[in-house]
Amino acid sequence: MPGFLLHAGATVMCAHGGQAQPTAPFARVLVNGMAVTTLPAPYVVAACPFVPPGGNGPCVSAQWLVGATRVLAGGMPVLLQSSQALCAPTGTPVNIILTQTRVSGL
């Protein structure tokens, strides 16, 4: 599914409102002066307010499941605004709130 490329400055949040940041943006490819993000690198989630009654804890990381099919950086699929990820340990999705709007991919 087409969408704008995610970069290190994109606003990504867990479903509960915690801020997600990339652990390893690909610095050799820049969009709007910021490194793009690729599929294998997880995101870390900070300040997730969710406290489940079961005790498995708030969101601490997010692993991407779907990336671009035709755009690669360093041989890895880049992440798009339409990409999907799940947070650990809660299993909830992430929300991509804001990203750059100049470069899109498929």
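Note that the chain presents 52 Å² accessible area per residue, ligands and nucleic acids not counted, probe 1.4 Å.
Largest accessible area first, the listed residues S82, S104 line up as S104, S82 when surface is computed with a 1.4 Å probe on the assembled protein chains.
Could you order H16, H7 by accessible surface area, starting with the largest, using a probe radius of 1.4 Å?
Of H16, H7, the descending order of accessible area is H16, H7.
Protein heavy-atom surface of the chain, 1.4 angstrom probe: 62% of the accessible area is carbon and sulfur, with nucleic acids and ligands not counted. Note on A47/S104: beta-carbon distance plugged into 1/(1 + (r/R0)^6) with R0 of 35 Å gives a FRET efficiency of 0.70.
Note: the chain, Cα convex hull, 79 Å³ per residue. With the simple model of a label 7 Å out from the Cα in the direction of the Cβ, N32 to T11 spans 1.1 nm.
The values are calculated or read from the model by the stated rules, or taken from the named source; none is laboratory data. Predicted model only: the values in this text are computed from it and were never measured. As a convention, Cβ positions derive from the backbone with ideal geometry for all residues, glycine included, and neighbour counts pool all protein chains shown. Note: accessible area is taken over every heavy atom of the protein model, side chains too, but ligands, DNA and RNA are not part of it. Shrake-Rupley method; radii C 1.70, N 1.55, O 1.52, S 1.80 Å.
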